[in-house]
Amino acid sequence: MDNTVCGFCRMRWNQLSRLQRSLVYGLVVVVATIFVLLYTSRMAVSADKIRKKVEQDSRNNSSLVIEPAVDAAQVKKTVIESEIIERPIFTGPSNARQFAVVESFKHAWRGYKAHAWGHDNLKPVSGAPHDWFSLGLTIVDGLDTAYIMGLMEEFEEGRQWIKTELVFTKNKDVNFFEVTIRVLGALLTNYHFTQDPMFLEKAKDLGERLMAAFSSPSGIPYSDVNLGTRTAHAPEWSHFSTTAEVTTVQLEFRELSRATNNPAFEDAAAAVSEKIHQLPKKHGLVPIFINPNTGHFLPHATITLGARGDSYYEYLLKQWLQTGKTINYLLDDYMTAIEGVREYLAKRSSPNKRLFIGELASGSEAFNPKMDHLTCFLPGTLALGHANGLPDWHMTLAEQLLYTCYLTYAAHPTFLAPEITHFNMASPTDDMYTKTADAHSLLRPEFVESLWYMYQLTGNSTYQEWGWQIYQGLEKYARVENGYTSLNNVKSEKPIPRDMMESFFLSETLKYLYLLFADDRFIIDLSKYVINSEAHPLPIHKN
Ligand code: DMJ
């Protein structure tokens, strides 16, 4: 049979003219060339395809219904892999704007060192110290900013103080959440950056003491912990813990477990998230108080993305990222919550239709068109989610909200934003206004934090320009002889100082400004780090 076919082909071939044979040869050459080109281009795009496939997979995992949630108990017991984690190298400022921010940090640090060294805060106008937890908050909180800025002298004096003076044995109540994000978070970041075991020893000692907070009947942490006696209790004024506080310790406790190889910290903190995952919510939105005895929300409490609600949403996404996108319920809860935000809280003002995020007060029914400055963390978080495969409308929401946040600064002669902005929904003239009681500024970081996320994730330099305008407002109105002061009224061209320099001004506001002005926008790469709620970067793990 084969012979017959071959013989037939040969006979037909011999019958072809020379021209016809040349055409066939030409055709063969063309087909072969196309084949070779196709093959090599396939090889070239394969890396790109793999990346897209990973992105697609993570999108599929984001489904609210298709993927079953990973069994939480299983996640908890996941073996802690030994991972090789890269450490960033910081080379210091690279342009005039970054040099300016470094100078601001040095000015703040100098004033603190001269007048309040070892105390929590500096009162920069009176040049006096102020204590809250008596943990040298400004040193501990600000130290990784010094490291990132390449300020090795300041870093070294802070490190020495932590090594020799920082103790957790005092018989004193501290706020569980604040100490976790500011002190534990900072110690873990400094350990990660430097590998100096002293930081990890301090973190472990602190973490063990903070564990007392989980001793409630429900496992939902109490708000106050006595580090010396290792006991915990609800605040004196209430039986309740704050929802954002109990859900904003998980990044830190997980990282402590990973660094010490002791799962107890992570288990206790993750159990809180799991418990809250099970509670009924209003389209993913949570009331701002929770009872540590019963483990239930206070039903008629306010729903907000501002004070006491904010970082619950932030840590849903960031925990999902920290654990290598392996815990699906965190993403599901985040996605549902952001839909809830769109449905119930995101509104437009009048007359210019500015997008803002309001609150549901008392019993979650009455909409209150007010937005805390704290809420301006949300654009950054939304952009981070979008960069990890979440829907495009998250990014649209981020851009529009970020612009409204910008306007809360631009509306005032100081170019600084008030603590709270109110919105009009039926005014022919003014979209927003600031009540005198809400007109103070603690020089909070949330807006510049979001600017940095947007800058890193989009490369759009407009965000740098906005940040520079705000930096100039800070320099003009908040800088005093000994540091930077919170202000009483951003509406006034001569705002009265409140005589307080918050530790987050060094930890967060100046750090985000420095990162925002960098020529290399990936100095801290968001595909490798999650940044805790106090701007302390922690490494992303595989699970
Ligand atoms: C910081 O302590 C943290 O960012 C916290 O999550 C919210 N409040 C302040 C800054 O505004």
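The values are calculated or read from the model by the stated rules, or taken from the named source; none is laboratory data. A quick note: this is a predicted structure, and the numbers were derived from the prediction, not measured. Counting neighbours? That spans all protein chains shown, and the Cβs are built from the backbone with ideal geometry, glycine included. These accessible areas exclude ligands, DNA and RNA; they are computed on the full protein's heavy atoms, side chains included. Shrake-Rupley method; radii C 1.70, N 1.55, O 1.52, S 1.80 Å.
Summary table below
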| read-out | value |
| --- | --- |
| Anchor LYS476: lysines whose Cα lies under 27 Å away (excluding residues fewer than 8 positions away in-chain) | LYS106, LYS113, LYS123, LYS435, LYS491, LYS494, LYS511 |
| Given charges at beta-carbon only (K, R positive; D, E negative), |dipole| of the range 162-277 in Debye | 140 |
| Rh (Kirkwood; distinct C-alpha pairs) - the range 309-456, Å | 15.8 |
| Peptides 431-440, 313-322 ordered by average Cβ neighbours within 10 Å, highest first | 313-322, 431-440 |
| ARG354 accessible area, assembled protein chains, probe 1.4 Å, Å² | 60 |
| Scattering profile of the range 84-179 at q = 0.10, 0.20, 0.21, 0.25 Å⁻¹ [log10 I(q)/I(0), Debye over alpha-carbon scatterers] | -0.31, -1.04, -1.10, -1.30 |
| Cα gyration tensor shape of the range 388-543, rounded if a/c is under 1.5, else prolate or oblate by comparing a/b with b/c | oblate |
| Cα gyration tensor category, rounded, prolate or oblate, for the range 216-310 with a/c compared to 1.5 | oblate |
| Portion, in percent, of the accessible area of the range 249-347 that falls on carbon or sulfur, probe 1.4 Å | 51 |
| Unit charges on C-beta of K, R, D, E only; dipole of the range 407-543, Debye | 80 |
| Along principal axes, Cα extents of the range 451-543, largest first, whole Å | 49, 27, 20 |
| The range 280-348, accessible area per residue, ligands and nucleic acids excluded (1.4 Å, Å²) | 30 |
| Over the range 178-231, volume per residue of the alpha carbon convex hull, in Å³ | 68 |
| Projected area averaged over orientations for the range 370-436, convex hull of C-alpha atoms, nm² | 5.1 |
